[in-house]
1. Check off (1) at pLDDT below 50; (2) basic (Lys, Arg); (3) closer than 19 Å to ARG197 by Cα for ARG297 and give me the number that stays unchecked.
2. Which one of these does GLY281 not meet: (1) at pLDDT 95 or above; (2) under 22 Å from ARG321 (Cα atoms)?
3. Filtering region 192-208 down to residues that are in contact with a Ser or Thr (Cβ under 8 Å, 6 or more places away or on another chain) and hydrophobic (A, V, I, L, M, F, W, C), which residue is surrounded by the fewest Cβ atoms within 10 Å (Cβ to Cβ)?
4. Does VAL90 satisfy the condition of being of a type in the set (Val, Ile, Thr), in a loop (DSSP other than H, G, I, E, B), surrounded by fewer than 19 Cβ atoms within 10 Å (Cβ to Cβ) and in contact (Cβ under 8 Å) with a residue 40 or more places away in the chain?
5. Out of GLY165, GLY155, GLY175, I need the residue that is modelled with pLDDT under 95, closer than 19 Å to ILE276 by Cβ and of a type in the set (Gly, Ala, Ser). Which one?
6. Tally the residues that are of a type in the set (Gly, Ala, Ser) and part of a loop (DSSP other than H, G, I, E, B), restricting the search to region 242-284.
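The values are calculated or read from the model by the stated rules, or taken from the named source; none is laboratory data. These numbers come from a predicted model, not from an experiment. In this analysis, Cβ positions are derived from the backbone assuming ideal geometry, glycine residues included, and neighbour counts consider all displayed protein chains.
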Amino acid sequence: MKKLIYLFSTLSMMILLTVQLNAQDLSFSPPEGGYGGQRFTIPANVTQDNVQNFKKITRISIKHGKYIEQIRVTWLTYGGYRSGGAGGEVYGNWSHIDLQDGEYITRVSGTSGRFINSLAFHTNKRRIIGSFGQRDGKSFMIHVPSGQQVIGFHGRSGQLIDQFGLAYKTIRRAGEMTARVPWRANEWVQLQSKVNRLNLDVQWGSDKANAPIWMYTPNGSTAQEWMFVSAGNGYYLIKSRRSGLYLNVKMESRKSGAFIWQRPKTNAAAQLWKPIDAGNGYFYLQSKLSGLYLDVRGAGMNPQTEVWQHPLNRTDAQKWRMTRNISTSRPPAPTAGRDKVIDHRKSDREKELEWYRENGLDPQKGGG
């Protein structure tokens, strides 16, 4: 019984910095057609982690004769335009589908046997584009589920397209992805940037209102320690341990390039931040006031680089992760028989050995 109570109390201390948890950002329709050829996915490198980088399909190219021979797709991504495809090179003709702004695929119809014989694309603009190929064989219709967007195709191919299905991504508001970032309540953490491995820091360790926020070399100081305080609806106040003040968009600006400073608690939108999953343990921090993202200015690599808000670009300068400063949970403890202490902030073995040597101790004997 005591173990159950302990487990419950431990779990109840966990906070969930979350937008929502969704099982899949990438999914696939059941395929139509035969079983020859090799498996393909368009885009070839799409995963759960990167599917949201593909903003929309701008062009679909179909090479066709008696059968569908090849499919190519062009996407608009956050890094520009990309293209990819699958299928063979026979003797067909190319047809191109250019999707207009705000136009997207709602369903795909076609016919199949051993191969995909024909395809037609239906859009929300009430356009039916095709049919391409010859309408022999079994008819099929693939409907796009509600809340999903066609981002590519999958199936099997050799010299022809043997099998065909749709690849979907979950539709989200601009910049939003699923996020589940757990951490213990009332625990101070450090916020480390992926671009430079520096920590978010109050400039010169100031405890004054309006002090700027910058990046600095990890040093274990309270100026680099932060606490997430829930404000509801997926937003959080981010509190400095050094000053007791909160991350705030400077002058309550909604403009890109506005810097970040610390201010007394107001619960205003300029102090509210939403964590959004960026994959691999990192997350973005979106301002409720502006919809922009906490960003290392110019992707700077040096200490004392300021932080500002910037439109989402998914670069490492916008990716953050939480790390625990060991000194906040366990203070330095005296060693036996010596007027020295072990600095527990030196968490890895190399730094620990370095500390012993600096303090005239034998690393093999420890602090005793």
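1. (1)
2. Result: GLY281 passes all but (1).
3. VAL195
4. yes
5. Exactly one of GLY165, GLY155, GLY175 is modelled with pLDDT under 95, closer than 19 Å to ILE276 by Cβ and of a type in the set (Gly, Ala, Ser), namely GLY175.
6. Just the residues of region 242-284 that are of a type in the set (Gly, Ala, Ser), to begin with: 243-244, 253, 256-258, 268-270, 278-279, 281.
Okay, now just the ones that are also part of a loop (DSSP other than H, G, I, E, B), so 243-244, 253, 256-258, 268, 281.
Count: 8.
For every residue, the table says whether it meets (1) of a type in the set (Gly, Ala, Ser); (2) modelled with pLDDT of 90 or more; (3) more than 27 Å from PHE283 (Cβ to Cβ).
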site: LEU4; (1), (2), (3): no, no, yes
site: SER12; (1), (2), (3): yes, no, no
site: THR18; (1), (2), (3): no, no, no
site: GLY65; (1), (2), (3): yes, no, yes
site: ARG72; (1), (2), (3): no, yes, yes
site: TYR78; (1), (2), (3): no, no, no
site: SER83; (1), (2), (3): yes, no, yes
site: ALA86; (1), (2), (3): yes, no, yes
site: ASN93; (1), (2), (3): no, no, yes
